[in-house]
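Colleague: Here it is, the structure, as structure tokens.
The values are calculated or read from the model by the stated rules, or taken from the named source; none is laboratory data. All of these numbers come straight from a predicted model, not from anything done at the bench. All Cβ positions, even for glycine, are placed from backbone atoms using ideal geometry, and neighbour counts span all protein chains on display. Areas reflect the complete protein model, heavy atoms only, side chains present, ligands, DNA and RNA absent. Shrake-Rupley method; radii C 1.70, N 1.55, O 1.52, S 1.80 Å.
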Amino acid sequence: PACNPSATACCRSKRFTDMNCINISSSRQGVLPKHRTRFECRNQGTHETASSSRSFSRRALLGGLSLSPAIAVVGSSGAGFNPDLLQPCTSLKQCNQVLNDISKDLEANPDDIDSEGLKFFFDSEVKRLERNKEFVENTSRGIKNGDARFLQHIVVAVPDIDKAVDFWTKGIGMKVTRERMENGLRTVFVAFGEESMKVETGGNFAIELVESPNPTTPAWISSGPELEYIQIAVGNVRLGAIVEAGGDVQYSYGYLEILAPGGILVKQRVGERRDPVELLAYSVPDIDAAVQYYEETLGMQVLERVPPQECREVKKGVLGALGFARRDCAVLTKNVFAPQKAQGSVTLSYGDNEKETVSILLTPQTKKKGPPPTGTMYQKLAILTKDSEAAAKAADIDGATVNFIGPVPGIGTKVGAVTDPAGYGLVFVDYADFENEQPKM
């Protein structure tokens, strides 16, 4: 019989081009009520072979192209299992079921290195989900009590919503969490996991992609300032997938800078976080005033301050003797594997752990060449709170503007829309109504 997708993926993972993948045997052996499949990969050009024989639980087929969570490859290319084929757990119950099966498999086959690798992976998954469960429970409780807020999503208008969705899902690795039609236009939310805080895998920051009414003219874009960039930290950067999904890679030394379809700049690095969306960078004309507004009025906490660049006049050598001076400016040590925060910038968030929540990076505005922008695709940042009306009224201080308070027409979610002193849009969203918008799990 033809090889199943798991076996085919195994052969391809070892770069067996022009390969034959042959199922040698399939039976219900071992302690698991599942498969034991032996298959062989053959490179028709070089006659190299690789074979595998292992059992795996049907419950461990967690998605993708029906790939098993681990595949052993033994032969000319060495041995081991491919962690890139593993799919994350969708619940603690599911993870524990898979671990139970793996433990039974190890009891029967103590030397099975693939099962050892699987056990390590799913042990890590259990710990990840337990941490996430604790986070969403504490955060949702704090919001409902009026003691906390949560940065939940940004709204971005895009000229071609299908291209945008392809980029964020197939290229970046997010998934579509919800869709709706507003005034005849399509709106799609994408995130690295569920948005709702009622599920163990929830509490993920989302991007709301809004279809433009007329992509051939700039009339649909906002008149406010543009978002500088979105920064993402993921365990595995997929450069090929990003390019195939329409991403324009601008920089790729140590980390990536990608122009998304529609124009939003994405900075992506390798890193482990609860939610891969790391920060949103805003350029502001008055950094001190912006920090004061976000800290004192919005209630955020300063996490990091990057000192401004310090320069001094230095007179050296012959030119110095003649009275000429040169400007000597200190430069911060650069980590080539992560985007460098601008000197003089300030990072703020709700909560004191940068790895737990999305942060706001306020950067000093710099003069840019060319004419000033006439608009932006970035629309606003949504903040979950207990009482959106009270939050919007409290944010209405000198320099800020309250634009709307009440239920969103056609949706019913209660919000309070504000423009901050720097011109960026904010919308406070009632937490209870936000949860009512989420798909039923």
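Colleague: If Val98 satisfies every condition in (1) open to solvent by less than 20 Å² (accessible area, probe 1.4 Å); (2) touching a residue at least 60 places away in the same chain (Cβ under 8 Å); (3) more than 28 Å from Leu348 (Cβ to Cβ) but one, which is the exception?
Modeller: For Val98, the failing item is (2).
Colleague: So how many residues does segment 409-435 have that are over 28 Å from Leu361 (Cβ atoms) and of a type in the set (A, V, I, L, M)?
Modeller: Going through segment 409-435 one residue at a time, the tally reaches 2.
A quick yes/no check of all residues on (1) of a type in the set (Ser, Thr, Tyr); (2) open to solvent by 60 Å² or more (accessible area, probe 1.4 Å); (3) under 21 Å from Thr139 (Cα atoms):
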{"position": "Ala382", "(1), (2), (3)": "no, no, yes"}
{"position": "Asp387", "(1), (2), (3)": "no, yes, yes"}
{"position": "Ala391", "(1), (2), (3)": "no, no, yes"}
{"position": "Ile397", "(1), (2), (3)": "no, yes, no"}
{"position": "Gly406", "(1), (2), (3)": "no, no, no"}
{"position": "Gly412", "(1), (2), (3)": "no, no, no"}
{"position": "Gly416", "(1), (2), (3)": "no, no, yes"}
{"position": "Asp420", "(1), (2), (3)": "no, no, no"}
{"position": "Glu435", "(1), (2), (3)": "no, no, yes"}
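Per-residue answers, yes or no, for (1) among the aromatic types (Phe, Trp, Tyr); (2) within 24 Å of the chain's Cα centre (by Cα); (3) modelled with pLDDT under 95:
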| residue | (1), (2), (3) |
| --- | --- |
| Gly247 | no, yes, no |
| Tyr255 | yes, yes, yes |
| Tyr293 | yes, no, no |
| Met300 | no, yes, no |
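Colleague: Out of segment 102-136, which residues are in contact (Cβ under 8 Å) with a residue 40 or more places away in the chain, surrounded by fewer than 16 Cβ atoms within 10 Å (Cβ to Cβ) and within 24 Å of the chain's Cα centre (by Cα)?
Modeller: Arg131
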